[in-house]
Amino acid sequence: MTGASFSMTLTLLLVASFAGNYAHVSLPGGGELLFSSIAVLPVVRLYGIWWGLVAALLAGSYPAWLWHHPGGFFLPLCEALWMGMLQRRVPWNLLVLNGLFWLSLGMPLAWFVYTDIFQFASAAVRPFVLMQGVYGLANAALASVLLHLLPFPRWTGRQADALPFSFRQSIMHGLTACVLWPALLLMAMHGQQRLAEVETAIHQQLDTAATGLIRSLEHWLQTRIQALTTLAQTAAAASGPSAESVHTSTRFLRQTFADMLRLEIYNGVGTPMVTLPSREVGAREETVLTKAIREVQDTSRLVVTAAHQDRSGQFLVADLLVPIVIEQQVRGIIAATIDLRPLSSLLLLETAGPPLQVSLLGRGTRVIARTHRGPEALQASILHTYGDKRQLPTSTYQWFPVLTEVSRPARWARSFYVREIPVSLIAPWTLVIATPAALYYDQLFNLYTRHLLLTLGFAVLTMLLARSMGWRLTLPIARLTDATATLPATFLQPQAMTWPSSPVTDIEALAGNFRALVVTLQQHAYETQQTNATLEQRVAVRTQELVEANARLAKEIRERAQTEELLAERTERLEVVRAVSGDVTRELDLTILLGLITRRAMELVGGTSGVTYLWDETTQRLIPRAWHGLGDWMAEVRVELGEGV
């Protein structure tokens, strides 16, 4: 089960290392808030530097894909390598080590990536570099909190690898995470709000500029249409295009409008009656003109052809065809070939103030005129076939280059805010007015820079405050630890112990519990001392009582034994007497009877030999009559008076 839990935890952390960057928060301007190091740092701490590098590779894969450059691997790999090499050698907490990484290596490396690899300007690089450092610290703070709160050692089966931490570190990591993460999220929200304000201003600027441009274009077009319409009315009043007055008006009109490269008057069947060709162009493109003439004949309306190149292929022209209507029938057509090159000057003149790029598109997104050229200019003809669009709440949209060609921050830097407006119902022209987004992102980047600097300042102040608060909160605990460290040796001393006090109720309650515990221990100790002091005396008294009781008991035992012996002796004697009495009653021979009595007497007293003497009055001597345990020589023994037996 331990091996399965170990592998499962590692797998989940590796997946989180990739998902932390995949589930990023995108900021306006191309910035990203990446969260992968929240999982990479625990992998480095719990599984070692090699697994940490694997997690860093997974974490860097998404930035590398997002930026289209292997530079996305640099920062995660360097961070994992730094933390893996130092965390077990330097006795500092994870947040401090990570802060040193970003200060000494991470932020300079990020500056190198953005300036030398992505070719960003310094003003645009500052917020991105600061952003890398701030969210790196935020990730490290959150990873430290998770390492403290979650039972990773139990999940991995490595109880010996449990991460020791102090109360001060917990306060520092928790407060830092609580400051940095809301600050980053507020920065993202503020950036979105600021971007919306900027985009609203951009839309108003584009709308204002577009209104003036369309008014100028319509005026330019309407003056020519009005002149041709007047000429058509003159021809109708003269009953045909062949009248001399019509020829005179045609020459005057050609002289008035220099951009009318060719002016022709056709009769009702399409035969040219009056032709004023220009030396700048060759023969007319008959296909375009024939189609336009047929359309005028069918509709009896003004026709503006699509922009097309002249026969030389050097510039674009358009044909204006106005019908000559007599008695509600088309009796002729006035056709003017208009040089469209002056429209570029008109657009430049109208957009001389604001930094706008304007293009006039014809049918099929053909560029008729534009104000800017070069690689930095917007190619208006490819807006709908190339790149991506982000539609704004207004009619303006933001156009981005293709993602596979540039990195996401570069896409924002090269994007344009675009407004497309049809010029008129008569001409098939579309006005495309755009402004580079990079011109306005300085405001956004300055906002990010200020916000990130303030966030870093708040983070530093928070860490100092957390250190001070942790010191203030843990000082009573440290003093309580010092006071209780020598408790076994000092709590029996007569002087009173010095207990710390704290305004924190929990710490004060803990100190109070220790005080109550020591008072109880002291009471029990004093009672134990009193008990020990009287113990010898009580033991001596008890011993004496036991000795006396033992003496009495021994005496009683001896008396009982003596009584039992006397009783047994008496019983035995009675048995002997009873036996002797029985023998006396049965035996009539005195010698035999005395022998039996002697033997019984020896058995009774436990002797080995005995003699029964009788007094002989005649000889005045004691004569052995019966004996036991002695030889026959006893028969010869005589005991005189005064001799011992």
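The values are calculated or read from the model by the stated rules, or taken from the named source; none is laboratory data. Quick caveat, the model's predicted, so the values are computed rather than measured. When we count neighbours, we look across all protein chains shown, and the Cβ atoms used for this are built from the backbone with ideal geometry, even at glycine. Ligands, DNA and RNA are excluded from the accessible area calculation, which covers all protein heavy atoms including side chains. Shrake-Rupley method; radii C 1.70, N 1.55, O 1.52, S 1.80 Å.
The listed residues are Arg168, Arg224, Arg251, Arg194, and the only one of them that is within 30 Å of Glu327 (Cβ to Cβ) and in contact (Cβ under 8 Å) with a residue 60 or more places away in the chain turns out to be Arg224. Only one entry of Ala55, Ala64 meets the criterion of being open to solvent by 10 Å² or more (accessible area, probe 1.4 Å) and in a helix (DSSP H, G or I), and that entry is Ala64.
Annotation note: Cβ proximity below 8 Å between a residue of region 526-538 that is charged (D, E, K, R) and a residue that is surrounded by fewer than 10 Cβ atoms within 10 Å (Cβ to Cβ) (sequence gap 6+ or interchain) occurs for no pair.
Quick one: in region 457-473, which of the residues that are aliphatic (A, V, I, L, M) and in contact (Cβ under 8 Å) with a residue 40 or more places away in the chain is most open to solvent (accessible area, probe 1.4 Å)? Filtering region 457-473 for residues that are aliphatic (A, V, I, L, M) and in contact (Cβ under 8 Å) with a residue 40 or more places away in the chain, the one most open to solvent (accessible area, probe 1.4 Å) comes out as Leu465. Among the residues of region 548-555, none qualifies, meaning not one is in contact with a helix residue (DSSP H, G or I) (Cβ under 7 Å, 6 or more places away or on another chain) and either at pLDDT 70 or above or not aliphatic (A, V, I, L, M) (or both). Within region 518-556, the residues that satisfy the criterion of being in contact with a Leu (Cβ under 9 Å, 6 or more places away or on another chain) and of a type in the set (A, V, I, L, M) are Val518, Leu521, Ala525. If you take the residues of region 150-193 that are out of contact with any helix residue (DSSP H, G or I) (no Cβ under 9 Å at 6 or more places or on another chain) and modelled with pLDDT of 80 or more, which of them is farthest from Tyr440 (Cα to Cα)? Going through the qualifying residues, I end up with Pro182. Scanning region 75-85 finds one or more residues that are closer than 29 Å to Gln192 by Cα and surrounded by 20 or more Cβ atoms within 10 Å (Cβ to Cβ). Considering Leu195, Leu206, the condition of being in contact with a Lys or Arg (Cβ under 6 Å, 6 or more places away or on another chain), part of a helix (DSSP H, G or I) and open to solvent by less than 70 Å² (accessible area, probe 1.4 Å) is satisfied by Leu206 alone.
Consider region 228-256 and keep the residues that are open to solvent by 20 Å² or more (accessible area, probe 1.4 Å) and under 30 Å from Thr351 (Cα atoms). The one that is modelled with the highest pLDDT is Thr256. Checking Pro428 against (1) in a strand (DSSP E or B); (2) under 30 Å from Thr223 (Cα atoms), only one condition comes out false. Which one? Every listed condition holds for Pro428 apart from (1). Report whether or not Ser17 is assigned to a helix (DSSP H, G or I), under 12 Å from the mean Cα position of the chain (by Cα) and of a type in the set (S, T, N, Q). Taking the combined requirement at face value, the residue satisfies it. Restricting region 342-370 to residues that are in a loop (DSSP other than H, G, I, E, B) and open to solvent by 20 Å² or more (accessible area, probe 1.4 Å), the residue that is nearest to Gln204 (Cα to Cα) is Pro354. From the list Pro401, Pro494, the lone residue that is modelled with pLDDT under 75 and either in contact with a helix residue (DSSP H, G or I) (Cβ under 8 Å, 6 or more places away or on another chain) or open to solvent by 80 Å² or more (accessible area, probe 1.4 Å) (or both) is Pro494. Collect the residues in region 409-435 that are under 22 Å from Ile117 (Cβ atoms) and either in contact with a strand residue (DSSP E or B) (Cβ under 9 Å, 6 or more places away or on another chain) or open to solvent by 30 Å² or more (accessible area, probe 1.4 Å) (or both), keeping them in residue-number order. Hits for region 409-435 are Pro409, Arg411, Trp412, Ala413, Arg414, Ser415.
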